[in-house]
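*Asks:* For reference, the structure I am asking about is given below.
The values are calculated or read from the model by the stated rules, or taken from the named source; none is laboratory data. Values in this document were obtained by computation on a predicted structure and should not be read as measured data. A quick note on method: Cβ atoms are made from the backbone with ideal geometry, for glycine too, and the neighbour counts reach across all protein chains shown. Just so you know, the surface numbers come from the protein's heavy atoms only, side chains and all, with ligands and any DNA or RNA stripped out. Shrake-Rupley method; radii C 1.70, N 1.55, O 1.52, S 1.80 Å.
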Amino acid sequence: MDSSANAAFIARITALAGELEQQSFPDSALYVVATPIGNLGDISLRALKVLSLCAAIACEDTRKTRQLLARLNIDKPLLAAHQHNEREVADKIIRRLQAGERIALVSDAGTPAISDPGARIVDAVSRAGLRVIPIAGVSAAVAALSVSGLIADQFHFIGFLPTRDKQRETILSSLKDSAATLVFYEAPHRIVEAIDAMTRIFEPSRRVVIGRELSKVFEQIHRCPLSEAAHWVASDPNHQRGEFVVLIEAAAAIDNDGLNEAIRVLDILLEECSVSQAAAP
Ligand code: SAM
């Protein structure tokens, strides 16, 4: 970006930040704040505002959140809220919200409560009659779906598969005929096994999209038939590094264009004739 374009960009951000001054950020509310999955630029202005306004930030890993906050130049007290203490932390948060504070909840990356802690805290806070406000932002699953080219009118988010072979195969077998695009999260040390299991269970011609290191320097989005996915993963050690979202095309991919056209024609016919006439071959 040349310097005048950069100055205009900074002016736009400043103006947008000014607009946020007009918005209300109620107190006595828990703010569930999405944070970047790798690229700091994905932090939203609302997230910045709420993290700056809140009295404390409940987070999965205080060390990771401190690093993020340092990069954002925000200094706030942190409350450790991991999967083993969510209920106790929820009680503390409820007391603070009842005293009129704003508390933010973040996870290590992406949207809290999506394959991450947070749901129990949100549930307890809302059951206590207190407000929970989403500060929407990135989630790896949605980022991957958006660039997959797969029809995602319906998608089934599975997240992490079990580590044990038998349980993993049972779950994959139960999903074999799903008419929804399947969304998996996978860790680098398990990507080979996961793709192998998928290849054994699903139709080899189904399309797979592997989103690796999304929003980061070495981002890759690889699309291929499932029959070729194991080879791609094995073909380069880098293809087994980093963070992964694996998407599998819906079973017997529904021809949505054809379906929509059939519905359109049926609507026209129904204006002119009875249901039985319209449906007649
Ligand atoms: N709450 C997060 C979200 O909203 O996406 C997900 C947290 S889950 C513990 C972490 C997993 O998300 C990773 O193991 C990986 O499967 C996926 N993930 C996170 N960041 C990613 C990225 N930059 N690229 C690809 N996958 C990512």
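*Asks:* Based on C-alpha coordinates, I'd like the Rg and Dmax of the range 161-248, in Å.
*Replies:* For the range 161-248, the Cα radius of gyration and maximum Cα-Cα distance read 12.2, 36 Å.
*Asks:* Most fluctuating residue of 156, 189, 239 in a GNM of the chain with Cα springs under 10 Å: which is it?
*Replies:* 189
*Asks:* Could you list which residues have their amide H under 5 Å from that of residue 156, counting only those 5 or more apart in sequence or on another chain, with H placed in the peptide plane?
*Replies:* Residues meeting the amide H criterion: 181, 182, 183.
*Asks:* Now for a different question. Residue 120: net charge of surrounding residues, Cβ under 9 Å, Lys/Arg +1, Asp/Glu -1, itself excluded?
*Replies:* Computed value for this residue: -1.
*Asks:* Structure shown: which of 49/92; 49/216; 92/216; 64/92 lie over 26 Å apart, alpha-carbon to alpha-carbon? Display every interim value, and only then the final one.
*Replies:* Working: 49/92 23 Å; 49/216 24 Å; 92/216 35 Å; 64/92 21 Å.
Cα-Cα > 26 Å for 92/216; rest within.
*Asks:* Still on this model: Test of understanding: given the chain, find the longest segment containing no GluC sites (Glu not before Pro) that are in a DSSP loop and have at most 15 other Cβ atoms within 10 Å.
*Replies:* Working: sites that count: 21, 219.
It runs 22-218.
*Asks:* Still on this structure, please answer the following. Roughly to the nearest percent, how much of the accessible area of the range 1-94 is carbon and sulfur, given a 1.4 Å probe? Provide the component values of the computation, followed by the final result.
*Replies:* Values: 2690 of 5320 Å².
After summing per-atom areas, the C and S share lands at 50 percent.
*Asks:* In whole Hz, with x marking every Gly and Pro, tabulate ³J(HN,Hα) for the range 203-208 from phi via Karplus 6.51 cos²θ - 1.76 cosθ + 1.60, θ = phi - 60°.
*Replies:* With coefficients 6.51, -1.76 and 1.60, one gets 3, x, 7, 5, 7, 10 Hz.
*Asks:* Shifting gears a bit: Please give the FRET efficiency for residue 99 paired with residue 160, using the beta carbon to beta carbon distance and R0 = 41 Å, rounded to the nearest 0.05.
*Replies:* 0.65
*Asks:* Around residue 13, with a cut-off of 15 angstrom between Cβ atoms, what is the net charge of the other residues, counting Lys and Arg +1 and Asp and Glu -1?
*Replies:* Working: positive: 12, 46, 49; negative: 19, 21, 42.
Within the 15 Å Cβ shell, the charges total 0.
*Asks:* If you restrict to DSSP beta bridges whose two residues both lie in the chain, what percentage is antiparallel, to the nearest 5? Present the calculation step by step, with values, prior to reporting the outcome.
*Replies:* On the way: 17 of 37 bridges.
The answer is about 45 percent antiparallel.
*Asks:* Suppose we keep just the alpha-carbon trace of the chain; what are its Rg and Dmax in angstrom?
*Replies:* When restricted to the Cα atoms of the chain, Rg and Dmax are 23.0, 70 Å.
*Asks:* In whole angstrom, how far apart do the alpha carbon centroids of the range 125-145 and the range 194-245 sit?
*Replies:* Between the Cα centre of the range 125-145 and that of the range 194-245, the gap is 28 Å.
*Asks:* Then there's this: Between 48, 226, 72, find the one with the highest GNM mean-square fluctuation for the chain; connect C-alpha pairs within less than 10 Å.
*Replies:* Highest fluctuation of the listed residues: 72.
*Asks:* Calculated from DSSP H runs of 4 or more alone, at -39500 (n - 2.57) each and per residue, what is the 222 nm mean residue ellipticity of the chain, nearest 500?
*Replies:* -13000 deg cm²/dmol
*Asks:* I would also like to ask the following. Under a 1.4 Å probe, what is the accessible area of the chain per residue, stated in Å²?
*Replies:* Solvent-accessible surface per residue comes out at 55 Å².
*Asks:* Net charge around residue 91, counting only other residues with Cβ within less than 13 Å of its Cβ (Lys, Arg = +1; Asp, Glu = -1)?
*Replies:* Result for the neighbourhood of residue 91: +3.
*Asks:* In 10 Å bins starting at zero, report the fraction of Cα pairs in the range 112-226 per bin as a rounded %.
*Replies:* Computed distribution, short to long bins: 11, 39, 32, 15, 4.
*Asks:* Going by alpha carbons, how many degrees (0 to 90, nearest 10) lie between the helix axis of 191-201 and the longest principal axis of the chain?
*Replies:* Orientation of helix 191-201: about 30 degrees from the principal axis.
*Asks:* Ok, one more. So if I take the alpha carbon set of the range 25-138, get Rg, then get Rh from the Kirkwood formula, what is the Rg over Rh ratio? Present the calculation step by step, with values, prior to reporting the outcome.
*Replies:* On the way: Rg = 12.5 Å, Rh = 13.6 Å.
Rg/Rh: 0.92.
*Asks:* Another question, then. Gaussian network model of the chain, Cα springs within a sub-10 Å range: biggest mean-square fluctuation belongs to which of 170, 14, 181?
*Replies:* 14
*Asks:* Just grab the label-to-label distance for residue 53 and residue 71, each label 7 Å out from Cα along the Cβ direction, in nm (one decimal).
*Replies:* Result: 2.4 nm between the two label points.
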